[in-house]
Amino acid sequence: MHNAASHEAHMTSTQRRTLLAFLVAYLALLLFLRPATPFEWDEVLYQRALDHYDVATHSPHPPGAPLFVGAGNVMRLFTGDPMMALQLVTIAASLAGLALLTVLARRLGAPPAASLTAAAILAVGPGFFFHANVGLSDAPAAAAGIGAVLACVAAVDNPALLPLAGAISAVAVGVRPQLLPALLPAGLYLIWTGIRGRHWLRLALAFAAGIATSAAIWLPPILITGWDRYFAATHRHGVYWIEVERELRLPGA
């Protein structure tokens, strides 16, 4: 990682203008194609969470998505419409994710053309494109995951950034908890490089930053729901999905 990152990571003004033009065009497309109604029931659950956050009543469904819902509440102050608020949060996150992917690719040593191509491929990929303007946390999670990996890559090259990487990773999980296993490889590699470099204090600060950030994100919604109700609902939801996967999907796979 360190050797790849030592390449020139800056884009020329022409390349920056190309990226900006691409993002503006993509923004226009997402706004033009923005759905007029909710896409699925989970989107309704997120909208209900804007009125009253209660994981025990699936507003939203366990274990929750505090930062996504929080961003929706902020956007709702300007739109007055919960569906539009969440859609606009998703659109903004989608654009940020594409820009961050370009930066990450450059950081890893990819040429500018390849970096822009990577962003274009993600933008038109069916999974990303379909979710890029609906009020669900999928596209924001993709952007948050890319941002967390970028922070880990930067911290590998500059151990002083280890605490920042810990905090950003915690923020990403606060957008969508399912990112935790996805970020595990990058996190383990970062820890390994920190141990190998004997950056004990910075590793300790990284863990402290991650724990403190996680507490700031998760404790308020858990307290709003209630400790017992939150953990009971999350446990029931987990057992349900284990049964669904075991009985329906895994035999088919």
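The values are calculated or read from the model by the stated rules, or taken from the named source; none is laboratory data. Given the structure is predicted, the values throughout are model-derived calculations rather than measurements. Cβ atoms come from the backbone with ideal geometry, glycine included; neighbour counts cover every protein chain shown. For the accessible areas, the whole protein counts, side chains as well, though only heavy atoms, and no ligand, DNA or RNA atoms are used. Shrake-Rupley method; radii C 1.70, N 1.55, O 1.52, S 1.80 Å.
Overview of values
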| quantity | calculated |
| --- | --- |
| Residue satisfying all of: in segment 20-43; of a type outside the set (Lys, Arg) and assigned to a loop (DSSP other than H, G, I, E, B); nearest to residue 112 (Cα to Cα) among these | 33 |
| Extreme residue, nearest to residue 158 (Cα to Cα), among residues of segment 193-227 that are among the basic types (Lys, Arg) and part of a helix (DSSP H, G or I) | 202 |
| Residues of segment 44-65 classified as touching a residue at least 60 places away in the same chain (Cβ under 8 Å), assigned to a loop (DSSP other than H, G, I, E, B) and open to solvent by less than 60 Å² (accessible area, probe 1.4 Å), total | 6 |
| Boolean, residue 177 is assigned to a loop (DSSP other than H, G, I, E, B), within 30 Å of residue 58 (Cβ to Cβ) and open to solvent by less than 40 Å² (accessible area, probe 1.4 Å) | yes |
| Which numbered condition residue 160 misses (of (1) more than 26 Å from residue 17 (Cα to Cα); (2) among the aliphatic types (A, V, I, L, M); (3) within 10 Å of the chain's Cα centre (by Cα)) | (3) |
| Residue that is nearest to the chain's Cα centre (by Cα), among those in segment 81-94 that are among the hydrophobic types (A, V, I, L, M, F, W, C) and open to solvent by less than 30 Å² (accessible area, probe 1.4 Å) | 93 |
| Answer residue from segment 17-37, given it is of a type in the set (Phe, Trp, Tyr) and within 12 Å of residue 91 (Cα to Cα) and is farthest from the chain's Cα centre (by Cα) among those | 32 |
| Number of positions in segment 114-157 that are over 15 Å from the mean Cα position of the chain (by Cα) and part of a helix (DSSP H, G or I) | 18 |
| Which listed residue is assigned to a helix (DSSP H, G or I), open to solvent by 40 Å² or more (accessible area, probe 1.4 Å) and either under 28 Å from residue 235 (Cα atoms) or not acidic (Asp, Glu) (or both), from 78, 68 | 78 |
| Output for segment 195-206, where each listed residue is buried (at least 17 other Cβ atoms within 10 Å of the Cβ) and charged (D, E, K, R) | 202 |
| Counted residues, segment 117-156 - those being polar (S, T, N, Q) and within 17 Å of residue 70 (Cα to Cα) | 1 |
| Residue in segment 207-238 that is modelled with the highest pLDDT, counting only those that are among the β-branched types (Val, Ile, Thr) and open to solvent by 60 Å² or more (accessible area, probe 1.4 Å) | 211 |
| Criterion violated by residue 62 - all others in (1) within 27 Å of residue 168 (Cα to Cα); (2) at pLDDT 95 or above satisfied | (2) |
